[in-house]
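Reviewing the structure listed below.
The values are calculated or read from the model by the stated rules, or taken from the named source; none is laboratory data. Note that the structure is predicted; figures quoted are calculated from it, not measured. Ideal geometry is used to build each Cβ from the backbone, glycine not excepted, and the neighbour counts take in all protein chains shown.
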């Protein structure tokens, strides 16, 4: 029986190599997927960049800028669910219904809210806040 990889010093038969490959395959694929948390973060960032950025980056019409701890403080006190409902319903006259993203699902809008809230919390930790 010929040995596969004999020259490399492994000395495996073709059958042994195939069995070893099947045994190791799950371990090799473990890092290939994206975690659910990472996927939600990516969705939130993508939604923010496509639809929220234009107002929230520069503070257009009073929109709190991404990471502006002081501007977000009163909004954080209201809680995530209230903020999400404000995005869905809009806040006249400045915040349009669904942030002008009529094609966004509630899940995408929630992910963008989470993305912005996380940015504020990260910034607060940087400057030594809560």
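Couple of notes before you dig in:
- Qualifying residue in region 74-88 (condition: within 22 Å of the chain's Cα centre (by Cα), outside any helix (DSSP H, G or I), within 18 Å of residue 42 (Cα to Cα) and assigned by TED's automatic domain parsing to the domain that holds residue 42): no
- Every residue from region 90-110 that is assigned to a loop (DSSP other than H, G, I, E, B) and surrounded by 19 or more Cβ atoms within 10 Å (Cβ to Cβ): 104
- When the test is whether a residue is in a helix (DSSP H, G or I), crowded, with 16+ Cβ neighbours inside 10 Å and either within 18 Å of the chain's Cα centre (by Cα) or at pLDDT below 90 (or both), residue 22 does not pass it.
- Only listed residue being buried (at least 18 other Cβ atoms within 10 Å of the Cβ), touching a strand residue (DSSP E or B) at 6+ places or on another chain (Cβ under 9 Å) and either closer than 28 Å to residue 127 by Cα or free of Cβ contacts under 8 Å to residues at least 12 places away in the same chain (or both), chosen from 69, 113, 87: 87
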